[in-house]
Amino acid sequence: MSYFTFLIRFLVIPILLLLSIYIWERRRTASRFMNEKMVWIGIIGHIVLALLYTTPWDNYLVATGVWYYNPALVTGILLGYVPLEEYMFFVLETLLVGLWWWFLAGRTRAEGSFESSRKLRFLSSAILSVVWLASVIVLLGNWKPGTYLSITLAWALPPIVLQLAFGADILWHERRLVVMTILPLTLYLSFTDSLAIRATTWAIHPAQSTGLFIHGLPMEEGIFFLLTITLVTFGMTLLLSPQSRQQLRWKI
């Protein structure tokens, strides 16, 4: 299976389906979040951030052989060390998460009344900060089987810590939407990733991963999808939630 075939089958088709639903329902589905113009600004903004933030990390992984692609199954167009299709994956995954979030935003309700909680914001961000610090120690300690996992955690956790520090209480208030966005997409993209690995579209270096598998999928790949989907889900929720604007005024 070529990388382009993977993108079309597992990302482009679901995106087109969600866009069709959006066009069909755009005037029928009410949402407690901001208007559709702001939603699109949020999605496009996250795509730009995904490209800027992920490009150096992904190039490092390929340059150091943590993961590698089958040269016979890509176009051969490289930007840095990474094939063009990988950059397209960043864009399409972010668009898929954003559209799925939007689809659910008009179909879910928040849990009870919102209560601001500094304690929740502090504790959740502090716990993840400890996990981040541990990942950095493992990375600097040069434990080879932990390379992929520690690089991924060290890269992805800082922005999630910031999101929690600002709005863990908002995310808890919107936990139904957050969970329903993150969980199905993590399972779906992890499954499709396992298919690509089996088809030799790309591979993970066994010496630089823990060797732990979940139904044939390297654990690190599942964690990657969990973290990236979480980043976009948290970002969309915090950007568009009315409680965020209120909380921002309190902080100012």
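Readers should treat all values here as calculations from the given coordinates under stated rules, not as data from a laboratory. In this text, all values refer to a predicted model and were calculated from it rather than measured experimentally. With ideal geometry, Cβ positions are generated from the backbone for all residues, glycine too; neighbour counts draw on all protein chains shown.
Translational diffusion of the chain was estimated from the Stokes-Einstein equation, with Rh taken as the Kirkwood radius over Cα pairs; at 4 °C and 1.567 mPa s the coefficient is 68 µm²/s.
Here Val138, Val39 are placed in order of increasing Cβ neighbour count within 10 Å, fewest first, which gives Val138, Val39. Phi angles across region 153-169 convert, under the Karplus curve 6.51 cos²θ - 1.76 cosθ + 1.60 with θ = phi - 60°, into 3J(HN,Hα) values of 5, 5, 7, 8, 6, x, x, 5, 4, 5, 4, 5, 4, 7, x, 4, 5 Hz, Gly and Pro given as x.
Were the residues from Arg107 through Ile8 laid out at 0.36 nm apart, the gain over their Cα-Cα distance would be 32.9 nm. Reported value for region 24-150: 170 Å³ per residue, from the convex hull of its C-alpha atoms. Our summary gives region 134-252 a relative contact order of 36 percent, counting only alpha carbon pairs under 8 angstrom and 6 or more residues apart.
Counting only Cα atoms, region 119-206 measures 45, 34, 13 Å along its principal axes, largest extent leading. Cα gyration tensor of region 106-252, axes a ≥ b ≥ c as square roots of the eigenvalues: rounded (a/c below 1.5), prolate (a/b > b/c) or oblate? Oblate, because a/c is 1.5 or more while a/b does not exceed b/c.
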